[in-house]
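Remarks on the structure that follows.
The values are calculated or read from the model by the stated rules, or taken from the named source; none is laboratory data. Owing to the predicted nature of the structure, the values given are computational and were not obtained by experimental measurement. Counting neighbours? That spans all protein chains shown, and the Cβs are built from the backbone with ideal geometry, glycine included. Protein only, heavy atoms only, side chains kept; ligands, DNA and RNA dropped before computing areas. Shrake-Rupley method; radii C 1.70, N 1.55, O 1.52, S 1.80 Å.
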Amino acid sequence: MQTQDRVKVKQVVDGITASQKYLLSMQNPHGYWWAELESNVTITSEAVLLHKIWGTDKNRPLDKVENYLRSQQREHGGWELFYGDGGDLNTTVEAYMALRLLGVSATDTALIKAKSLILAKGGISKTRIFTKLHLALIGCYNWRGLPSLPPWVMLLPDNFLFNIYELSSWARSSTVPLLIVFDRKPILKIDQPINLDELYAEGVNNVRWELPKNGDWSDIFNILDDGFKLAESLNFVPLRNEGIQAAEKWILERQEVTGDWGGIIPAMLNSLLALKCLNYDVNDPIIQRGLKAVDNFAIETENNYCVQPCVSPVWDTAWAIRALIDSGFSADHPAIVKAGEWLIDKQILDYGDWNVKNKQGKPGAWAFEFDNRFYPDVDDSAVVVMALHQAKLPNEELKKQAINRALNWITTMQCKPGGWAAFDIDNDQEWLNSIPYGDLKAMIDPNTADVTARVLEMLGACNLSIPVNNLEKSLDYLLKEQEIEGCWFGRWGVNYIYGTSGVLSALALINPLKYRENIAKATAWLVKVQNNDGGWGETCFSYNDPSLKGQGESTASQTAWALIGLISAGEATGKFAIDSIEKGINYLLKTQKLDGTWEEKYFTGTGFPCHFYLKYHFYQQYFPLMALGRYQAIKQ
């Protein structure tokens with residue numbers, strides 16, 4: 001071995017040791033890992049609005065929200081969906097609204113700068129439906145410009161062409177409460193009313209309170225909406241009261257004991273808004289639990305207060321276990337055992353909404369959050385199974401049974417095209433993304449390459465099996481999804497680097513010789529898009545413009561994904577892209593800080609492509625550690 005190689009080996013060992021030490025220091029005494037899940041400022045802005053509406057703002061440190069919002073404003077005057085996007089209209093309008101609600105004058109320098117960006121982008125009239133909804137609640141937008149959501153939708157049977165279970169889990173848990181809100185069309189009182197007339201580019205007196213038209217077949221929904229509005233004006237909405245009662249019952253049934261709804265802030269805020277419209281008292285235990293659940297998603301520091309869109313302890317814990325074991329920890333290390341037992345305790349043994357379309361499945365999955373028994377998901381469950389498989393626990397028989405339960409559930413969740421979706425089965429009515437209300441284009445949850453790859457990786461890594469026909473169908477689906485360049489789309493991570501890494505990890509374990517051409521093509525693409533600094537990066541704009549696939553400033557997490565994919569491919573085929581791998585490893589070692597951590601400013605997690613992005617603060621920690629560990633293994 002050359003001297004240079006010895007130095008590199010020592011650097012890798014030192015990097016792994018420092019990273020492991022940091023990750024261990026971040027483990028909660030109960031056994032789990034959990035880091036901040038950052039999004040844009042609309043989540044916090046909407047929480048401010050909620051507390052103003054309920055009159056609970058004085059009981060929260062909302063004065064610190066002003067500091068937080070000011071710290072997030074960029075030089076261009078706006079607030080962003082993700083770092084470096086140049087300023088997003090909806091995000092900026094909602095941040096502006098929140099600052100005004102907190103008592104900041106429209107003549108404040110920060111708001112003057114924000115106003116310029118807002119008007120340049122078309123003003124309030126060009127914002128999304130959900131931004132307009134929040135403004136309408138306090139009289140800053142007219143309800144006539146919002147779509148109608150007839151409450152009788154709640155009464156449509158499960159076997160009807162459309163019903164609430166054809167909506168994605170996140171859309172469903174957010175929309176059912178909005179059936180009540182849109183029916184009531186309230187203008188809710190707050191202690192210091194505001195107006196935002198200055199944010200209408202055409203002048204508030206010239207606003208056309210109507211739904212935008214697309215100039216295509218989808219404009220038929222505008223005609224239907226006109227009919228719904230006419231029925232409302234004539235007080236002739238069929239089964240209105242029955243629909244409202246069904247929606248209220250649905251909301252109450254799905255509140256967790258902890259107060260959460262759906263495990264996500266939009267569902268929680270909307271449910272609390274719906275109950276406000278139904279005249280629930282602020283001291284009702286249901287409301288108090290709900291408000292406490294929102295508080296539990298908040299992060300407070302000495303100067304700032306913000307609200308996360310969701311929390312990710314199950315996800316973070318499973319990946320931390322895998323990274324630590326991949327980097328050399330013993331399978332029965334006390335930290336691993338404690339985390340593994342915590343995960344087993346979090347397995348969901350209740351039926352959830354998935355059971356509506358999946359009658360044969362039995363409970364046994366995991367959710368993303370601490371508490372979310374109605375919405376476990378395939379991706380989390382597959383990662384947890386792999387983590388538990390790697391760990392050695394005191395009660396191995398219990399572990400085995402937990403894994404078998406999860407495998408059986410995942411098997412029944414396979415979609416007709418052959419892949420797996422996140423939360424539901426065959427939730428793929430694409431036309432729903434064209435309704436005016438669905439302008440985030442996230443109304444459905446179809447099967448995707450990245451989730452499908454995770455399931456296949458789980459099968460290969462854990463030596464598990466599903467019926468041969470199911471397996472072949474899933475592989476056929478996955479291969480059809482490969483892009484002409486050789487990469488795969490990433491629905492839940494940014495973007496093609498994420499998707500490609502996941503599929504390579506799967507194919508490497510499932511008959512790699514049969515799929516060697518697909519693996520080789522994907523490997524060549526990853527090598528091709530590697531940056532000159534040795535790392536990999538991809539902008540969130542690749543969702544808007546596919547020509548940007550694999551392009552962007554290098555990040556620790558995306559570099560790690562590329563390395564994991566390349567190493568998996570090399571292990572499967574015996575052909576390592578060693579120069580590319582070495583450069584990537586050197587990038588990680590050069591950018592690692594003395595305390596063993598990595599920093600990255602970019603968002604590499606995806607909520608809704610083109611509309612909502614996430615920054616998992618542990619992504620830049622456990623994925624690089626995993627990559628370094630797997631590299632060390634192939635060098636030994």
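Taking the listed residues THR131, THR107, the one that is among the hydroxyl-bearing types (Ser, Thr, Tyr), more than 23 Å from LEU230 (Cα to Cα) and in a loop (DSSP other than H, G, I, E, B) is THR107, with no other qualifying. Taking the listed residues LEU117, LEU149, the one that is at pLDDT 95 or above and more than 30 Å from LYS58 (Cβ to Cβ) is LEU117, with no other qualifying.
For the stretch 47-93, give me each residue that is of a type in the set (Asp, Glu) and not in a helix (DSSP H, G or I). Within the stretch 47-93, GLU75, GLU80, ASP85, ASP88 meet the criteria. Select from the stretch 436-450 the residues that are under 30 Å from GLU210 (Cα atoms) and among the charged types (D, E, K, R) and write down the one among them that is most open to solvent (accessible area, probe 1.4 Å). Only one residue tops the list, namely LYS441. Can you tell me which residue is farthest from the chain's Cα centre (by Cα) among those in the stretch 577-622 that are among the aromatic types (Phe, Trp, Tyr) and closer than 14 Å to THR555 by Cα? Only one residue fits best here, namely TYR587. Here GLY86, GLY103 are screened, and the one residue that is surrounded by fewer than 19 Cβ atoms within 10 Å (Cβ to Cβ), small (Gly, Ala, Ser) and without any contact (Cβ under 8 Å) to a residue 60 or more places away in the chain is GLY86. Assess whether ASP216 counts as being of a type in the set (Asp, Glu) and surrounded by 15 or more Cβ atoms within 10 Å (Cβ to Cβ). Considered against the rule, which asks whether it is of a type in the set (Asp, Glu) and surrounded by 15 or more Cβ atoms within 10 Å (Cβ to Cβ), ASP216 comes out as no.
Considering LEU196, LEU155, the condition of being farther than 26 Å from LYS359 by Cβ, hydrophobic (A, V, I, L, M, F, W, C), in contact with a Leu (Cβ under 7 Å, 6 or more places away or on another chain) and touching a residue at least 24 places away in the same chain (Cβ under 8 Å) is satisfied by LEU196 alone.
The set of residues from the stretch 568-581 being in a helix (DSSP H, G or I) and either crowded, with 22+ Cβ neighbours inside 10 Å or in contact (Cβ under 8 Å) with a residue 40 or more places away in the chain (or both) comprises SER568, ALA569, GLY570, GLU571, ALA572, THR573, SER580, ILE581. Taking into account only those residues within the stretch 424-435 that are among the polar types (S, T, N, Q) and out of contact with any Asp or Glu (no Cβ under 7 Å at 6 or more places or on another chain), which is least open to solvent (accessible area, probe 1.4 Å)? The residue in question is ASN433.
For LEU526, which of the numbered conditions (1) surrounded by 19 or more Cβ atoms within 10 Å (Cβ to Cβ); (2) in contact with a Gly (Cβ under 7 Å, 6 or more places away or on another chain); (3) within 26 Å of THR17 (Cα to Cα) fails to hold? Status for LEU526: all satisfied but (3). On inspection, LEU479 fails the criterion of being in a loop (DSSP other than H, G, I, E, B) and surrounded by fewer than 20 Cβ atoms within 10 Å (Cβ to Cβ). LEU211 fulfils the conditions (1) among the aliphatic types (A, V, I, L, M); (2) touching a residue at least 40 places away in the same chain (Cβ under 8 Å); (3) assigned to a loop (DSSP other than H, G, I, E, B); (4) over 20 Å from GLY122 (Cβ atoms) except for a single criterion, (4). Taking the listed residues THR17, THR44, the one that is part of a helix (DSSP H, G or I), crowded, with 19+ Cβ neighbours inside 10 Å and either at pLDDT 95 or above or in contact with a strand residue (DSSP E or B) (Cβ under 9 Å, 6 or more places away or on another chain) (or both) is THR44, with no other qualifying. Does PHE162 qualify as being open to solvent by 10 Å² or more (accessible area, probe 1.4 Å) and within 14 Å of GLY438 (Cα to Cα)? Against the criterion (open to solvent by 10 Å² or more (accessible area, probe 1.4 Å) and within 14 Å of GLY438 (Cα to Cα)), PHE162 does not qualify. Evaluated against (1) in contact with a helix residue (DSSP H, G or I) (Cβ under 9 Å, 6 or more places away or on another chain); (2) small (Gly, Ala, Ser); (3) open to solvent by 60 Å² or more (accessible area, probe 1.4 Å), GLY31 falls short on exactly one condition, (3).
Answer yes or no as to whether GLU396 is in contact (Cβ under 8 Å) with a residue 12 or more places away in the chain, charged (D, E, K, R), open to solvent by 10 Å² or more (accessible area, probe 1.4 Å) and over 19 Å from TYR351 (Cβ atoms). Considered against the rule, which asks whether it is in contact (Cβ under 8 Å) with a residue 12 or more places away in the chain, charged (D, E, K, R), open to solvent by 10 Å² or more (accessible area, probe 1.4 Å) and over 19 Å from TYR351 (Cβ atoms), GLU396 comes out as no. Would you check if SER542 is within 26 Å of LEU37 (Cβ to Cβ) and modelled with pLDDT of 95 or more? Taking the combined requirement at face value, the residue satisfies it.
Return a yes/no flag: does the stretch 168-176 have any residue that is within 27 Å of the chain's Cα centre (by Cα) and of a type in the set (D, E, K, R). Yes, because at least one residue in the stretch 168-176 is within 27 Å of the chain's Cα centre (by Cα) and of a type in the set (D, E, K, R). For the stretch 506-522, the candidate set comprises residues that are over 27 Å from the mean Cα position of the chain (by Cα) and outside any loop (DSSP other than H, G, I, E, B); within that set, the residue that is surrounded by the most Cβ atoms within 10 Å (Cβ to Cβ) is ILE519. Contact map, the stretch 536-558: first residue buried (at least 21 other Cβ atoms within 10 Å of the Cβ) and in a helix (DSSP H, G or I), second residue basic (Lys, Arg) and modelled with pLDDT of 95 or more, Cβ cut-off under 7 Å, separation 6 or more or different chains; pairs are SER542/LYS549. A residue that is of a type in the set (D, E, K, R) and open to solvent by 20 Å² or more (accessible area, probe 1.4 Å) cannot be found anywhere in the stretch 378-389. Does the stretch 40-49 contain at least one residue that is within 30 Å of TYR22 (Cα to Cα) and either of a type in the set (Asp, Glu) or touching a Ser or Thr at 6+ places or on another chain (Cβ under 8 Å) (or both)? The answer is yes; a qualifying residue exists.
Evaluation of LEU464 against the conditions (1) hydrophobic (A, V, I, L, M, F, W, C); (2) under 30 Å from LEU133 (Cα atoms); (3) open to solvent by 10 Å² or more (accessible area, probe 1.4 Å); (4) at pLDDT 95 or above shows that the sole unmet condition is (2).
Need pairs with beta-carbon distance below 7 Å; first residue among the β-branched types (Val, Ile, Thr) and within the stretch 291-315, second open to solvent by less than 40 Å² (accessible area, probe 1.4 Å) and assigned to a loop (DSSP other than H, G, I, E, B); sequence gap 6+ or separate chains. Pairs that qualify, where the first residue is among the β-branched types (Val, Ile, Thr) and the partner is open to solvent by less than 40 Å² (accessible area, probe 1.4 Å) and assigned to a loop (DSSP other than H, G, I, E, B), are ILE299/GLN308; VAL307/PHE297; VAL311/PHE297; VAL311/GLU369; VAL314/ALA367; VAL314/PHE368; VAL314/GLU369. Looking across the stretch 247-267, just one residue is assigned to a strand (DSSP E or B) and either touching a Phe, Trp or Tyr at 6+ places or on another chain (Cβ under 6 Å) or open to solvent by 20 Å² or more (accessible area, probe 1.4 Å) (or both), and that is GLN255.
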